[in-house]
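As structure tokens, the structure follows; a few thoughts come after it.
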Amino acid sequence: MRHHSKFTFTPLLTIVGLLLSGASGKSQIAYETRVFTGDPAPGTGAVFSATIFGGNFPLGFSDVSINAAGQITFQGFVTGDGVDGANYEGVWSDGGGTLRLVARRGDAAPGSDGIFALECCNALFVAGINESGSTFLRSTISGASSSNGRGIWTNRTGALSLLAKVGDAAPGTSASFAQVFDPVFNRNGDVSFIGRIGGAGVDPSNEQGIWSDKSGNLSLLARTGSPAPGTDAVFGGFFAALLNNNGQSVFTATLTGPTVDVTNHTGIWSDRDGSLALIVRAGQHAPGTGAAFGRIAAVGHLNGLSQIAFAVDLKGEDVDDRSIESVWTEAGGTLRLIARMGNPAPGTGPGVEFDDLNSLPPFINNAGQTFFRGRLRGTGIDDTNDEGMWIDTGGSTALVARRGQQAPGVGTGVVFADLAPDGSDDRRLFNNAGQVAFEAELGGAGVDPSNRKAIFISDRDARLMLVAREGTPFDVDDSSGEDFRTILRIGQLGFSGSEDGIPSGLNDAGQLAFELSFTDGSSGVFVANTAGASVAPGSLAVTSIVRNPNNTVTLSWKSDPDAGTTYTVRYTPDLQGGWSTWTSDSTSVPTGGAATTYTTARAFPEGTMFFTVEENSSRQL
């Protein structure tokens with residue numbers, strides 16, 4: 001496991017003839033290469049591989065998550081002596097301080113007579129890590145009596161141990177598990193999941209349940225067919241059950257019963273006050289709207305303060321298909337409207353309104369901020385600018401990113417073309433510091449299928465920065481050397497609101513863990529550090545760039561360097577090819593103290609040229 005950091009500050013500057021224009025932002029990201037193909041794969045005697053056994057397309061690593069201490073877990077492939085189709089993948093974690101194997105395809109699955117089959121190739125929620133460094137694992141098992149079912153394991157007590165699997169007795173019932181899925185895992189090691197049971201007395205009306213082991217033993221939290229607290233009905237079905245770091249659960253459910261109809265058939269429940277209670281139900285009054293809540297359209301998410309965010313349809317005489325959808329928060333019984341279809345959309349201009357708001361769940365963090373995505377309609381809106389993401393902070397809502405908006409770090413005229421890349425449902429992460437990370441597809445001059453997808457992250461001042469972009473060079477050497485590879489594919493970020501128990505690639509320190517595969521067949525797991533603990537915001541800023549009469553270029557910048565710090569200056573004419581340097585002098589420009597001036601060793605022809613200035617530093621975040 002590698003633990004170096006190399007700061008990369010990249011203010012992109014463009015010279016056109018003798019005119020200068022600056023890019024919209026500067027990057028302050030320190031990158032770490034945590035795992036790379038060819039590295040030894042602990043516990044296997046093999047090395048990490050980018051390809052599945054017998055394949056040749058680089059699938060890389062997957063299911064990358066990170067905890068508050070910067071420890072990661074991930075799924076990967078191996079190659080080498082003794083590796084075959086029965087044992088080519090596994091899950092690893094450095095939660096114990098060093099990288100170690102958690103589970104491997106073909107190994108005996110504890111608590112069963114079967115073996116791990118795992119679930120390769122970017123299946124969400126295969127594994128995750130919590131704040132104490134413990135790992136949970138969901139896997140398919142195969143064997144003589146395992147029925148090829150799934151199970152859930154954790155190593156919170158040291159060795160990997162079984163929590164539940166298909167065929168086991170389902171606590172709180174007289175039946176056994178027929179299916180277990182959607183596990184969530186909090187910092188205390190508590191696990192919650194939805195399951196389906198089978199056996200005598202089980203039918204479609206009572207076959208689903210939610211279980212949790214937060215009491216120390218696995219127990220039933222709710223079951224279809226059982227009374228739904230706060231109503232005169234019974235539970236009819238469950239959506240994802242989430243779990244915060246205090247062990248409090250929240251879930252969305254449908255209802256059935258004689259008094260249930262389409263106006264009151266969904267609700268949200270939580271055990272945040274010690275026992276299961278209704279939080280909000282379709283049919284109750286929606287404060288300040290003159291309407292009632294209709295269908296709960298997206299799963300409610302909760303934070304560590306027992307606050308809940310949810311998306312819901314509205315019903316009433318004054319509600320139509322242009323005002324039906326809305327986003328709300330609930331705290332201690334108080335409901336607050338965050339956004340509603342037909343209301344002005346902040347940051348988008350006069351005459352622009354929210355449209356679709358209910359296709360994805362909103363996230364809420366421990367600062368009470370709500371992060372949501374929606375569509376737009378109104379003046380000047382078309383399919384090139386009709387989507388955005390916002391953060392609400394105490395009633396003040398700010399635009400994070402919008403389709404058609406200039407994207408940072410990718411060159412003038414390159415814009416956000418789609419905030420749901422590859423038609424995905426959700427690729428958003430949100431932490432308790434209010435930072436967001438997301439995947440996006442790009443559009444504009446020079447964008448093609450090979451370079452359209454990118455990852456972005458915000459700093460603590462809400463400035464967006466580019467993390468990585470397909471089709472561009474990326475330095476995989478996080479020491480003082482350089483090893484640029486061209487990014488072929490960015491791994492899925494997944495989605496999490498940080499306090500919901502869903503594994504996340506973004507922690508509260510501003511570290512983003514992600515996976516990249518490269519055109520040469522290699523792959524790696526990387527961590528982008530945005531916290532800047534030892535680097536003040538804006539510590540490296542280019543102050544001027546001048547074309548000289550002889551067509552050399554003089555760059556000037558300000559910084560707060562350590563003694564002996566040097567800088568690297570690079571250039572490229574189009575952002576699509578590799579960055580070039582001059583080894584004679586520009587890889588080690590000496591510091592000038594608070595201000596540094598450097599004149600290039602060669603002349604440039606007139607036209608567009610992009611420059612980056614990078615600090616070469618061994619400082620650790």
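The values are calculated or read from the model by the stated rules, or taken from the named source; none is laboratory data. Keep in mind that what you see is a predicted model, and the values were worked out from it rather than measured. Every residue, glycine as well, gets a Cβ built from its backbone with ideal geometry; the counts of neighbours run over all protein chains shown. These accessible areas exclude ligands, DNA and RNA; they are computed on the full protein's heavy atoms, side chains included. Shrake-Rupley method; radii C 1.70, N 1.55, O 1.52, S 1.80 Å.
Residues that are out of contact with any Pro (no Cβ under 7 Å at 6 or more places or on another chain), open to solvent by less than 10 Å² (accessible area, probe 1.4 Å) and of a type outside the set (Ser, Thr, Tyr) were ranked within the range 128-138; the one that is modelled with the lowest pLDDT is Asn130.
Checking each residue in the range 211-231 for being free of Cβ contacts under 8 Å to residues at least 24 places away in the same chain, on the phi < 0 side of the Ramachandran plot and among the small types (Gly, Ala, Ser) picks out Ser215, Ser226.
Here Phe438, Phe456, Phe416 are screened, and the one residue that is within 25 Å of Phe611 (Cα to Cα), aromatic (Phe, Trp, Tyr), touching a residue at least 40 places away in the same chain (Cβ under 8 Å) and touching a strand residue (DSSP E or B) at 6+ places or on another chain (Cβ under 6 Å) is Phe456.
Determine which member of the set Arg570, Arg602 is in a strand (DSSP E or B) and either within 21 Å of Glu470 (Cα to Cα) or modelled with pLDDT of 75 or more (or both). Steps first, please.
Working: Arg602 fails: in a strand (DSSP E or B).
Residue meeting the stated conditions: Arg570.
Scanning the range 299-318 for residues that are of a type in the set (Gly, Ala, Ser) and open to solvent by 10 Å² or more (accessible area, probe 1.4 Å) yields Gly304, Ser306, Gly316. Val327 - would you say it is closer than 28 Å to Ala222 by Cα, in contact (Cβ under 8 Å) with a residue 12 or more places away in the chain, open to solvent by less than 40 Å² (accessible area, probe 1.4 Å) and not aromatic (Phe, Trp, Tyr)? Spelling it out, Val327 is indeed closer than 28 Å to Ala222 by Cα, in contact (Cβ under 8 Å) with a residue 12 or more places away in the chain, open to solvent by less than 40 Å² (accessible area, probe 1.4 Å) and not aromatic (Phe, Trp, Tyr). The number of residues in the range 197-210 that are acidic (Asp, Glu) and either part of a strand (DSSP E or B) or buried (at least 18 other Cβ atoms within 10 Å of the Cβ) (or both) comes to 1.
When the residues of the range 352-362 are filtered to those that are modelled with pLDDT of 95 or more and not acidic (Asp, Glu), the one that is farthest from Ile391 (Cα to Cα) is Val352. Looking across Phe354, Phe371, one residue alone is without any contact (Cβ under 8 Å) to a residue 40 or more places away in the chain and among the aromatic types (Phe, Trp, Tyr). It is Phe354. Residues satisfying the criterion are absent from the range 93-105 (criterion: within 18 Å of Leu162 (Cβ to Cβ), in contact with a Lys or Arg (Cβ under 6 Å, 6 or more places away or on another chain), open to solvent by less than 20 Å² (accessible area, probe 1.4 Å) and not in a loop (DSSP other than H, G, I, E, B)).
Of the numbered criteria (1) under 17 Å from Asp355 (Cβ atoms); (2) touching a residue at least 12 places away in the same chain (Cβ under 8 Å); (3) not β-branched (Val, Ile, Thr); (4) not in a strand (DSSP E or B), the one Asp318 fails is (1). The set of residues in the range 330-348 that are under 24 Å from Ala282 (Cα atoms) and open to solvent by 30 Å² or more (accessible area, probe 1.4 Å) comprises Ala331, Gly332, Gly333, Thr334, Leu335, Arg336, Leu337, Arg340, Asn343.
Residues that are free of Cβ contacts under 8 Å to residues at least 24 places away in the same chain and either closer than 25 Å to Ser504 by Cβ or open to solvent by 50 Å² or more (accessible area, probe 1.4 Å) (or both) are absent from the range 232-254. Per the listing Gly274, Gly283, the residue uniquely among the small types (Gly, Ala, Ser), at pLDDT 95 or above, open to solvent by 10 Å² or more (accessible area, probe 1.4 Å) and not in a strand (DSSP E or B) is Gly283.
Meeting the requirement of 2 or more residues that are more than 20 Å from Ala513 (Cβ to Cβ) and not basic (Lys, Arg), the strands (runs of 3 or more DSSP E) wholly within the range 388-443 are 396-402, 415-418, 436-443.
Before we move on, is Arg223 open to solvent by 70 Å² or more (accessible area, probe 1.4 Å) and touching a strand residue (DSSP E or B) at 6+ places or on another chain (Cβ under 9 Å)? Spelling it out, it is not the case that Arg223 is open to solvent by 70 Å² or more (accessible area, probe 1.4 Å) and touching a strand residue (DSSP E or B) at 6+ places or on another chain (Cβ under 9 Å). When the range 349-374 is limited to residues that are outside any strand (DSSP E or B) and touching a Lys or Arg at 6+ places or on another chain (Cβ under 7 Å), the one that is surrounded by the most Cβ atoms within 10 Å (Cβ to Cβ) turns out to be Leu360. For Ser192, state whether it is farther than 30 Å from Ala68 by Cβ, in contact (Cβ under 8 Å) with a residue 40 or more places away in the chain and hydroxyl-bearing (Ser, Thr, Tyr). No: the conditions fail for Ser192. Do we have any residue at all in the range 180-196 that's open to solvent by 40 Å² or more (accessible area, probe 1.4 Å), part of a strand (DSSP E or B), at pLDDT below 95 and basic (Lys, Arg)? Scanning the range 180-196, I find no residue that is open to solvent by 40 Å² or more (accessible area, probe 1.4 Å), part of a strand (DSSP E or B), at pLDDT below 95 and basic (Lys, Arg), so the answer is no.
Could you tell me whether the range 464-474 includes any residue that is in a loop (DSSP other than H, G, I, E, B), open to solvent by less than 40 Å² (accessible area, probe 1.4 Å) and closer than 25 Å to Thr370 by Cβ? Taking every residue of the range 464-474 in turn, none turns out to be in a loop (DSSP other than H, G, I, E, B), open to solvent by less than 40 Å² (accessible area, probe 1.4 Å) and closer than 25 Å to Thr370 by Cβ.
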